[in-house]
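For reference, the structure is listed below as structure tokens.
Any read-out appearing in this document is the output of simple, stated calculations on the displayed coordinates, not a laboratory observation. Given the structure is predicted, the values throughout are model-derived calculations rather than measurements. Every residue, glycine as well, gets a Cβ built from its backbone with ideal geometry; the counts of neighbours run over all protein chains shown.
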Amino acid sequence: MRNLRRLRRSSLAVVVAIGALVTGVGTLPRMASADVIEMTLHGFCGASAATSTCSDNGTITPTSSNPLLQFGFTRSPDTNSGLTAPISFDLVALVPDNAAGAATQTLTYTGSGTSVTGSHTLALQNGGASFTSANGTLDSFLGLTSVGGPANPFGGFQAGETNQGFTVTGFKVYLFNYGSVDFGVQDPTFVPSGGFSGTLIPGTELYAFIDGPGAGQRQDATALSGTLIETGGRVPEPSTLLLIGTGLLAVGAGMWNRRQR
């Protein structure tokens, strides 16, 4: 009987420890907390932020939908407040450069809620050079000067990859300027079009920024935690791990209560 009690106590301790550990995994990645501030863009999956099928987990916004048939960006606050005209909306795809075909992607989207209409293909930037830690920031890689909005360091995008189980040391950067937007009236959304089936290389990050008012200026951008990442079902999302951990803790509590009766 004594050995049975010891076994139960050991089992309880293991369950509680695993639950606490997994719960911690789901809540620890908060490196982008500095980015959750006013005047930032946030990605969503679907037709609107209100009906988004993906959510910010504190580090990045993962989606396992591939093809991602519709996505977009909203703003906090959801207006053009604080932006100096003229403004332009730039859609960016960051493709891991260690993936096959990273430098030969054809990413073609039709935008809604943007002044540039029709189907357009994002262009590979800097002659196909990779965006790496040597560049420091995406602004520096693209030759932009930040006059507002959250920072976009390479390490932030890399942390989003690590959070979802990818190992990345550089990105191929694709971009297209969709013209002016009017946040709050109609947030910009995008659907794949033309010859693009919509299937993304797993690990691809979708990001946006607002340029202007002067040439080479960037006055707002997506928070690192609000950047979309295509996971392709690579690993459980931290929110899922949080639910598993919470469940294990509940099981442990139940075992403890029964032992006390």
Charge dipole magnitude, Cβ of K and R +1, D and E -1 - region 32-230, Cα centre, debye nearest 20: 280
Packing-based order for 213-225, 127-139, using average beta carbon neighbours within 10 Å, highest first: 213-225, 127-139
Estimated distance in nm for a label pair at Ser55 and Val147, the labels positioned 7 Å out from Cα along Cα-to-Cβ: 3.7
Calculated from backbone phi, Karplus (6.51, -1.76, 1.60) coupling profile of region 74-79 in Hz, x at Gly/Pro: 10, 10, 10, x, 7, 8
Residue-span extension gain [Ser193 to Ala85] - 0.36 nm each, minus C-alpha spacing: 36.0 nm
Amide H partners (placed H, <5 Å) of Ile229, local residues excluded: Thr61, Thr63, Leu206
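Quote the relative contact order of region 32-230 in percent (integer), defining contacts as alpha-carbon pairs under 8 Å separated by 6+ residues. Show your work: numbers first, answer last.
Working: 498 pairs, mean separation 76.2, N = 199.
About 38 percent, as a whole number.
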Whole-Hz couplings from phi, Karplus 6.51/-1.76/1.60, listed for region 163-174; x for Gly and Pro: 4, 9, x, 9, 10, 9, 10, x, 10, 8, 10, 10
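Between Ala134 and Val185, how high is the FRET efficiency from 1/(1 + (r/R0)^6) when r is the Cβ-Cβ distance and R₀ = 45 Å? Nearest 0.05. Mind showing how you got there, number by number?
Values: r = 40 Å, r/R0 = 0.89.
Efficiency at R0 = 45 Å is approximately 0.65.
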Pair Thr167, Thr117: separation of 7 Å Cα→Cβ label points (nm): 4.9
Interchain or long-range residues, amide H under 5 Å from Phe71's placed H: Gly46, Phe190
Relative contact order, percent, region 65-166 [alpha-carbon distance under 8 Å, six or more residues apart]: 15
